Amino acid sequence: MLTNLNQYKNSFKHYTELRVQENRSFRVGFLNGNLVTNDEWIESGVSSRVFKDGSWGFASNAEINNNSIDRVISSSNDNASFLNQKTINKCGILLPEDIFNYEINLSTKKNKNSNGYWIEFAKNLDSYIERKYKKVSSRRITIGNLDMEKSLLTSIGSESYSMTPRALLYIVLTTEVNGQPTELMEVFGGLGQLEDNFTDVESYYPKIDDLVDKLMQKSIGVHAKAGFHEVVLDADLAGILAHEAIGHTTEADLVMGGSVAKDYLNEMVANELVSLVDYAHSIDNKLCPVPVFVDDEGTKAQDVKIIENGILKSYMHNKDSANEFGMNLTGNARAYKYSDEPLIRMRNTAISRGKDKLEDMISSIDDGYYLTKSSNGQADSTSEFMFGVVMGYEIKNGKLGQAIKDTTISGIAFDVLKTVTMISDDMVWSSGGMCGKKQLIPVGMGGPAIKCKLNIGGR
């Protein structure tokens with residue numbers, strides 16, 4: 001992939017972002033012992049984005065060579081000029097400037113294994129389940145990676161290179177009790193390549209044992225009682241709440257589109273125990289699941305303290321929105337493919353850890369639920385949400401009871417955060433978060449567990 005873009009600087013007429021990108025993916029999948037997926041693909045190309053008199057022009061091309069890059073730069077200039085012809089009020093906006101140069105390559109330092117090695121890795125896991133657990137009626141094992149490699153040059157002098165990999169292992173198991181199927185999934189891995197995340201196939205046997213145990217508990221579980229309940233949301237559910245129901249409402253483009261957060265800036269929106277941050281790349285000197293040091297506009301990525309001690313303090317911005325709101329740049333402009341324009345996107349969004357122990361949070365509830373795993377859900381610009389819950393337990397007299405069957409939780413996120421009374425002292429990240437705002441992109445979700453009150457759907 002072309003990494004040095006300086007030779008094209010002389011072609012820049014206006015503010016310009018020139019990006020070359022290559023996404024590489026590999027995936028192997030088994031279904032009940034049969035190899036059903038064996039994919040490998042590469043998607044690469046170049047894009048140029050130009051800002052002129054208040055309008056953006058964008059162009060991209062799958063070819064990466066001198067002629068293609070020259071055409072893309074020229075086309076993006078033409079597109080900006082065309083849009084300006086359609087704009088009645090020429091604003092002549094000057095974008096905020098932030099010059100930042102950075103290079104990071106997170107490629108594995110280990111010897112790369114062949115595709116055949118990973119086929120055998122997945123097959124070995126499948127065989128272990130088949131041999132040991134006859135009550136498991138269906139097995140799906142998928143292992144794969146996504147490498148995102150980008151080079152960026154802006155006309156104001158920002159220059160960056162990044163290679164950010166993610167490798168994931170999905171295990172989905174099904175059992176049947178009285179003809180009724182019950183399913184449960186676990187995701188392993190995260191930041192890094194396959195060789196960094198999956199070194200020993202046998203180390204996953206105990207993890208499989210734990211997953212099967214939870215599956216069997218769930219298969220004979222009870223239905224949650226519908227209504228307003230006191231609950232402990234483990235990291236997985238607290239993370240999806242932070243991302244879907246709070247994070248999206250505070251992306252500045254959605255704020256300008258009418259998000260409820262527009263009216264809440266500097267207002268109390270949560271219990272004072274609650275702080276919520278979109279982490280750029282690190283926490284406690286450890287890399288987050290999706291580390292972003294510089295965004296796809298060439299801006300240095302900063303942590304965004306969205307909620308601080310219960311008060312809504314900030315939004316996430318690109319250059320346009322930072323100018324519109326008169327706020328500092330945050331480095332939240334991200335693009336998934338070379339052919340995508342950067343949008344305001346989250347990086348690693350989570351509630352900040354508290355001071356409580358998870359066991360104390362559970363023991364403080366007489367009648368409620370401990371909810372641990374989520375499925376798909378939805379939220380809107382009012383922060384109203386509904387999420388699926390695929391694993392959880394009753395809490396009776398401060399102790400865990402029976403597992404519960406699939407259910408839902410719902411509410412207004414800002415109202416739910418006002419009911420928070422305890423936050424755990426750990427930080428657990430989910431492995432495989434993807435956000436689908438107009439274009440898919442990897443995100444980090446997770447956090448501590450929180451004790452709060454919300455609606456549970458029941459059957």
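Say whether the condition of being in contact with a Pro (Cβ under 8 Å, 6 or more places away or on another chain) and either of a type in the set (Asp, Glu) or surrounded by fewer than 24 Cβ atoms within 10 Å (Cβ to Cβ) (or both) is met by at least one residue in region 255-272.
Initial filter on region 255-272 (in contact with a Pro (Cβ under 8 Å, 6 or more places away or on another chain)): none.
No.
Conditions tested, residue by residue: (1) within 28 Å of residue 350 (Cβ to Cβ); (2) surrounded by 15 or more Cβ atoms within 10 Å (Cβ to Cβ).
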| position | (1), (2) |
| --- | --- |
| 176 | no, no |
| 179 | no, no |
| 191 | yes, yes |
| 196 | yes, yes |
| 207 | yes, no |
| 212 | no, yes |
| 219 | no, yes |
| 229 | yes, yes |
| 239 | yes, yes |
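Here are some conditions: (1) modelled with pLDDT under 95; (2) over 21 Å from the mean Cα position of the chain (by Cα); (3) of a type outside the set (Ser, Thr, Tyr). Residue 285 meets all but one. Which one does it not meet?
Result: residue 285 fails condition (2) only.
Can you name every residue in region 415-436 that is farther than 19 Å from residue 282 by Cα and crowded, with 16+ Cβ neighbours inside 10 Å? Full working, then the answer.
We begin by selecting, within region 415-436, every residue farther than 19 Å from residue 282 by Cα; these are 415-424, 435-436.
Matches in region 415-436: 416, 417, 418, 419, 420, 422, 423, 424, 435.
Is there a residue being crowded, with 18+ Cβ neighbours inside 10 Å, more than 26 Å from residue 103 (Cβ to Cβ) and either not assigned by TED's automatic domain parsing to the domain that holds residue 99 or not polar (S, T, N, Q) (or both) anywhere in region 4-25?
no
Quick one: residue 446 ticks every box in (1) in a strand (DSSP E or B); (2) over 21 Å from the mean Cα position of the chain (by Cα); (3) in contact (Cβ under 8 Å) with a residue 24 or more places away in the chain except a single one, so which number is it?
(2)
State all residues of region 257-276 that are in a loop (DSSP other than H, G, I, E, B) and of a type in the set (Gly, Ala, Ser); if no residue qualifies, say none.
First, the residues of region 257-276 that are in a loop (DSSP other than H, G, I, E, B): 257-259, 264-267, 269-275.
The answer is 257, 258, 259, 270, 275.
Only one of these is out of contact with any Leu (no Cβ under 6 Å at 6 or more places or on another chain) and among the charged types (D, E, K, R): 251, 186. Name it.
On the way: 186 fails: out of contact with any Leu (no Cβ under 6 Å at 6 or more places or on another chain).
Being out of contact with any Leu (no Cβ under 6 Å at 6 or more places or on another chain) and among the charged types (D, E, K, R) holds for just one of 251, 186, which is 251.
Checking the condition within 27 Å of residue 291 (Cα to Cα) and among the acidic types (Asp, Glu), which residue from 406, 426 passes? It would help to see each step written out before you state the result.
Numbers: 406 fails: within 27 Å of residue 291 (Cα to Cα).
Being within 27 Å of residue 291 (Cα to Cα) and among the acidic types (Asp, Glu) holds for just one of 406, 426, which is 426.
Quick test of your reading of the structure: residue 186 fulfils all but one of (1) in a helix (DSSP H, G or I); (2) within 30 Å of residue 364 (Cβ to Cβ). Name the failing condition by number.
(1)
Would you call residue 363 within 26 Å of residue 19 (Cα to Cα) and of a type in the set (S, T, N, Q)?
Values: within 26 Å of residue 19 (Cα to Cα): no; of a type in the set (S, T, N, Q): yes.
So residue 363 fails the test.
Could you identify the single residue in 173, 169, 237 that is at pLDDT 95 or above, in a strand (DSSP E or B) and within 29 Å of residue 278 (Cβ to Cβ)? Outline the logic, then answer.
Details: 173 fails: within 29 Å of residue 278 (Cβ to Cβ); 237 fails: in a strand (DSSP E or B).
Going through 173, 169, 237 in turn, the sole match is 169.
Of everything in region 129-161, what is surrounded by fewer than 18 Cβ atoms within 10 Å (Cβ to Cβ), closer than 30 Å to residue 6 by Cβ and among the hydroxyl-bearing types (Ser, Thr, Tyr)? Give them in sequence order.
Correct list: 155 only.
Go through (1) farther than 25 Å from residue 143 by Cα; (2) under 27 Å from the mean Cα position of the chain (by Cα); (3) β-branched (Val, Ile, Thr) for residue 28 and report which single condition fails.
(1)
Is it the case that some residue within region 403-418 is touching an Asp or Glu at 6+ places or on another chain (Cβ under 7 Å), more than 20 Å from residue 377 (Cβ to Cβ) and in a strand (DSSP E or B)?
Step one: filter region 403-418 for residues touching an Asp or Glu at 6+ places or on another chain (Cβ under 7 Å), giving 404, 412.
Subsequent filtering for residues that are more than 20 Å from residue 377 (Cβ to Cβ) retains none.
Taking every residue of region 403-418 in turn, none turns out to be touching an Asp or Glu at 6+ places or on another chain (Cβ under 7 Å), more than 20 Å from residue 377 (Cβ to Cβ) and in a strand (DSSP E or B).
Could you count how many residues in region 40-58 are touching a Pro at 6+ places or on another chain (Cβ under 8 Å) and surrounded by fewer than 19 Cβ atoms within 10 Å (Cβ to Cβ)? Write out each step before concluding.
Of region 40-58, the ones touching a Pro at 6+ places or on another chain (Cβ under 8 Å) are 49.
Now drop any that are not surrounded by fewer than 19 Cβ atoms within 10 Å (Cβ to Cβ), which leaves none.
Residues that pass the stated criteria total 0.
Checking the condition in contact with a Pro (Cβ under 8 Å, 6 or more places away or on another chain) and either under 30 Å from residue 21 (Cα atoms) or free of Cβ contacts under 8 Å to residues at least 12 places away in the same chain (or both), which residue from 142, 164 passes? Step through it out loud before you land on a result.
Numbers: 142 fails: in contact with a Pro (Cβ under 8 Å, 6 or more places away or on another chain).
Answer to the selection: 164.
Out of all the residues in region 388-402, is one or more buried (at least 17 other Cβ atoms within 10 Å of the Cβ) and of a type in the set (Asp, Glu)?
Yes, region 388-402 contains at least one residue that is buried (at least 17 other Cβ atoms within 10 Å of the Cβ) and of a type in the set (Asp, Glu).
The values are calculated or read from the model by the stated rules, or taken from the named source; none is laboratory data. These numbers were taken from a predicted model, which means no experiment stands behind them. Glycine gets a Cβ as well: all are built from the backbone with ideal geometry, and neighbour counts include every protein chain shown.
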